[in-house]
Amino acid sequence: MRYSVEIFPPKDGDVRKLAIPFLSAGASHISLTYGAGGSSRGRSREAALTLAIGGVPTAAHITIAGQTREEVDNTLAMWINTGIRRFVALRGDGDGPGLPFTPHSDGYQSSVELIERIHGLGASQIAVAAYPNRHPDDQGGDSDLDYLKRKIDAGATEVITQFFFEAEAYLRFRDRYVAAGLDAPLVPGILPVFNVVKVASFAKKCGEPLPRWLISRFAGLDANPEMRQQIAVATAGRLIDRLRSEGLDRVHLYSCNDAELTLAVCRLLAFPEEAGKAAA
Ligand code: FAD
């Protein structure tokens, strides 16, 4: 199974030290967030350059929220000049919790405009986001797929989903996606959950509430990180196995910079069970 790993620029330390073990564990590339996870856009710009110069295969995320067109173009030009050709093109969010996205008066007005721009720069890969459980700005009906089609027509080469906790959410969305005639790879985003309290508040903001069964799995384990780690890996592994049984051969791992947990999940991905094959 092919897998990419998403990280955000670490506050301290070398981003390469965080990224390289994932590549050694078989990740196809590193996906680096832009201004997310508490990091500034400046730190993301620098971290993407550091990875590219260090030869780390990198997909650089870029958003348009709160920026002029010139600012976005300058960032893209700097990255392109350093050899980055993979991007994750995103609209981004309003400047504060719960605030709606409002395009900058001198900025790109939508993710579609951004994708067109990146496509025009000769990117080799442009991933975009999709939401199996709907985005908070979703306008209902099939408007999410209509909008996704506009993103693909603008030049997106693949679609990465927001994280979800039940395989059925992804599979239902995939059925709608295929029925709508969309055929860019639809890569499931997997978030291994270790700290249920932290993830619950983050997930609520994203409109992806944690299922009760998942909360129950971690109940009473605040002081037992070893057991939480085991449950986190097992839960992510079962979700991935279910997707694999449905023919999926790629996933995108949201690492939240938790190297140990993500590397354990990478091992499950690198060495799946092969029926009937004994080691010796
Ligand atoms: P869009 O797809 O442009 O819009 C979001 C949704 O709103 C659409 O799916 C659609 O349902 C609806 N919509 C919008 N416009 C229209 C329209 N004209 N007509 C109909 N429907 C419409 N955030 C960061 O800040 N930095 C990151 O690095 C980052 N990385 C991410 C990576 C992934 C894989 C994902 C899933 C999300 C990431 N995000 C990141 C979060 C993302 O910026 C937010 O979810 C944001 O609110 C939406 O961005 P988008 O590109 O999906 O928006």
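Things to note:
- Length-normalised contact order for segment 30-126 - Cα pairs under 8 Å, 6+ apart - percent: 27
- Dividing the convex hull volume of the alpha carbon atoms of segment 52-207 by its residue count gives 129 Å³ per residue.
- Only protein heavy atoms count here; on that basis, with a 1.4 Å probe, SER124 has an accessible area of about 80 Å².
- Projected onto its three principal axes, the C-alpha set of the chain covers 57, 45, 39 Å, listed from the longest axis down.
- Pairs of Cα atoms nearer than 8 Å and 6+ residues apart set the relative contact order; for the chain it is 20 percent.
- Put LEU121, LEU49 in order of accessible area, highest first, and with a 1.4 Å probe you get LEU121, LEU49.
- Partner lysines for LYS11 [C-alpha distance under 29 Å; skip if fewer than 8 residues away on the same chain]: LYS198, LYS204, LYS205
- Local electrostatic count at ALA60 - Lys and Arg +1, Asp and Glu -1, tallied over other residues with Cβ under 12 Å: +2
- 3J(HN,Hα) along segment 9-22: x, x, 5, 10, x, 7, 4, 5, 5, 6, 6, 4, x, 5 Hz, from the Karplus curve 6.51 cos²θ - 1.76 cosθ + 1.60 with θ = phi - 60°, whole Hz, x for Gly and Pro.
- Here the scattering of segment 190-260 is modelled by Debye summation over its C-alpha atoms, one equal scatterer each and no solvent; at q = 0.13, 0.17, 0.22, 0.23 Å⁻¹ the log10 of I(q)/I(0) is -0.39, -0.67, -1.09, -1.16.
- Length-normalised contact order for segment 127-232 - Cα pairs under 8 Å, 6+ apart - percent: 28
- Local electrostatic count, HIS29, Cβ distance below 15 Å [Lys/Arg +1, Asp/Glu -1]: +3
- Taking Cα atoms only, the orientation of helix 111-120 departs from the longest principal axis of the chain by about 80 degrees.
- Accessible-area value, THR63, 1.4 Å probe, nucleic acids and ligands omitted, Å²: 20
- Around the amide H of ARG2, modelled in the peptide plane, lie the amide H atoms of ARG250, VAL251, all under 5 Å away and 5 or more residues distant in sequence or on another chain.
- For segment 122-266, the fraction of C-alpha pairs farther apart than 27 angstrom is 25 percent.
- Residue-level accessible surface for LEU268, protein heavy atoms, 1.4 Å, Å²: 80
The values are calculated or read from the model by the stated rules, or taken from the named source; none is laboratory data. Predicted model, so just to flag it, every value in this text is computed and none were measured. Counting neighbours? That spans all protein chains shown, and the Cβs are built from the backbone with ideal geometry, glycine included. Heads up: the accessible areas ignore ligands, DNA and RNA and are worked out on the full protein's heavy atoms, side chains in. Shrake-Rupley method; radii C 1.70, N 1.55, O 1.52, S 1.80 Å.
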